[in-house]
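Data block below; observations after.
The values are calculated or read from the model by the stated rules, or taken from the named source; none is laboratory data. Note that the coordinates shown come from a computational prediction; the quantities given were computed from them, not determined experimentally. Glycine also receives a Cβ, built like all others from the backbone with ideal geometry; neighbour counts cover every protein chain displayed. In case anyone asks, the SASA skips ligands and DNA or RNA and just uses the protein heavy atoms, side chains included. Shrake-Rupley method; radii C 1.70, N 1.55, O 1.52, S 1.80 Å.
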Amino acid sequence: MKIIAMEEAFDVPEMTTKGSLHQPSPFRPEVLANWERRLPDFTEYRLRDMDENGVDVQVLSLTNPGVQMQPDAAIAVSDAQLANDVLAATIKDNPTRFAGLAAMPLQDPAAAVRELDRAITQLGLSGVLVNGHVLDTYLDEPQYRVFWEALAGHDVPLYLHPNSVPLGWSVFEGRPELLGPSYAWAAETGAHALRLIYSGLFDQFPTAKVILGHMGEFLPFHMSRLDIRYRDLEPDVKLAKKPSDYLVDNFAITTSGVLSPSALLGATLAIGIDNILFAVDYPYESTADAVHFLTTLPLNPPDLHKIAHTNAERLLHLA
């Protein structure tokens, strides 16, 4: 069975903007050292790991926070261009093993539109990945509508990934275990996705597609409550559909970092098998564990193939 892994990180040490490993972290030093060794590598560790575990293709994306927290818009643009050039060159050298999601310098929305055009039409990338908020602004805000229009025009998805910059929520104070992938990232990224829905973005751009990692950042399991409570709201924007309808029509999710058959089966019932894609979250998660999870799922072969590769091929227009 062909396997495409959808959320696989890389780093470019030459960038001015530094990745999350340069920020304070609750993880053990030896764990951080392993990630740091693997992130900028494309062939020595990465391809061997893929071959040993039966992963045919990694869809690569710049590790968080990407360029999203760079305060100088010009530097964000140049760093995104550098990362996307490195990504395109890597794919060119290994066209059957890698695809890519472009970094986007949304500090300057017009420049991001230009970089989107270049990334898709010239570099041959398959979509974009944005690491959460952009200097504490969110993608439902008016200045980003020009970018969403361009994204819909290219018919490529946006992978909405968490941002590694710590949240300012007092509930997390004194409990670093809750920060990052253990809990906080999912809470904020799920809320970010809901901002997109409640802003009316998908009524304006009904073909726009967003991918959420980590089994949908809790949202597939909250759909009924969203709909029930929306009935009693006086929202700023009146939606054309129930909130859950947008999660089915405009979102896909990946399995990255959530190796739970019960969660996957619940998500399948909630949003449909056609909206679920496989991911490892390399190098932060174990490829062996993720592939074992995939290949032992209690699914019939056609549905298993959808998660393993055909949904990704359709959504990213992969050959």
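Grouping the Cα pair distances of segment 42-183 into 10 Å bins from zero gives a pair-distance distribution of 11, 37, 31, 18, 2 percent in increasing distance order.
How compact is segment 183-251 by the rule of thumb for globular proteins, expressed as Cα Rg over 2.2 N^0.38 Å? Kindly include the intermediate steps, with their values, before the conclusion.
Numbers: Rg = 11.5 Å, N = 69, 2.2 N^0.38 = 11.0 Å.
Segment 183-251 yields a ratio of 1.04.
Inter-label distance, T16 to L269: 5.1 nm, where each label sits 7 Å from its Cα along the C-beta direction.
Compactness of segment 187-319 is given as radius of gyration and Dmax, 15.3, 48 Å, from Cα positions. Specify the inter-centroid distance of segment 169-201 and segment 67-135, based on alpha-carbon positions, in whole Å. Segment 169-201 and segment 67-135 have Cα centres separated by 24 Å. Pairs of alpha carbons in segment 266-319 separated by more than 12 Å make up 67% of all such pairs. Taking 7 Å steps out from each Cα toward its Cβ at V31 and K241 produces label points 3.8 nm apart.
In this structure segment 125-181 gives 41 Å² per residue of accessible area when probed at 1.4 Å with all protein chains present. Projecting the Cα atoms of A288, P220, Y198 onto the charge dipole of segment 162-319 (Cβ charges, centred on the Cα centre) puts Y198 farthest toward the positive pole.
Once R0 is set to 25 Å, what does the formula 1/(1 + (r/R0)^6) return for the Cβ-Cβ distance between T43 and A288, expressed as a FRET efficiency to the nearest 0.05?
Details: r = 19 Å, r/R0 = 0.77.
For R0 = 25 Å, the calculated efficiency reads 0.85.
Below 8 Å, C-alpha to C-alpha, sequence gap of six or more: please give me the relative contact order for the chain in percent. Could you put the intermediate results ahead of the total?
Working: 529 pairs, mean separation 60.9, N = 319.
Result for the chain is 19 percent.
With charges only on Cβ, +1 for K and R and -1 for D and E, what is the dipole size of the chain about its Cα centre, in debye, rounded to 20?
On the way: 23 positive and 41 negative charges, 103 e Å.
Result for the chain is approximately 500 debye, rounded to the nearest 20.
Counting protein heavy atoms only, the chain has 54 percent of its accessible area on carbon and sulfur, 1.4 angstrom probe.
What shape does segment 95-243 take by its C-alpha gyration tensor, where a ≥ b ≥ c are the square roots of the eigenvalues and a/c under 1.5 counts as rounded, a/b above b/c as prolate, and the rest as oblate? Oblate, since a/c reaches 1.5 and b/c is not below a/b. Annotation for D85 and Q204: the two label points, set 7 Å from Cα along the Cα-Cβ direction, are 3.3 nm apart.
Across every direction, the projection of the convex hull enclosing the Cα atoms of segment 100-154 has a mean area of 3.4 nm². Hey, what D do you get for segment 1-93 in µm²/s if you plug the Kirkwood alpha-carbon radius into Stokes-Einstein at 37 °C and 0.692 mPa s? For these conditions, the coefficient is 229 µm²/s. Which of the lysines could a cross-linker bridge to K2, judged by Cα under 17 Å and excluding same-chain residues fewer than eight apart? Within reach: K306.
Residues in segment 131-137 carry Karplus couplings, in order, of 8, x, 6, 10, 6, 6, 10 Hz; the curve used is 6.51 cos²θ - 1.76 cosθ + 1.60 with θ = phi - 60°, and Gly or Pro positions show x. With N the number of residues in the chain, Rg(Cα) / (2.2 N^0.38 Å) evaluates to 0.94. Taking the helices alone, the chain has a mean residue ellipticity at 222 nm of -11000 deg cm²/dmol, built from -39,500 (n - 2.57) per DSSP H run of at least 4 residues and averaged over all its residues. The heavy atoms of T296 offer some 80 square angstrom of accessible surface to a 1.4 angstrom probe. Solvent exposure of V248, expressed as accessible area, is near 50 Å², computed with a probe of 1.4 Å over the protein chains only.
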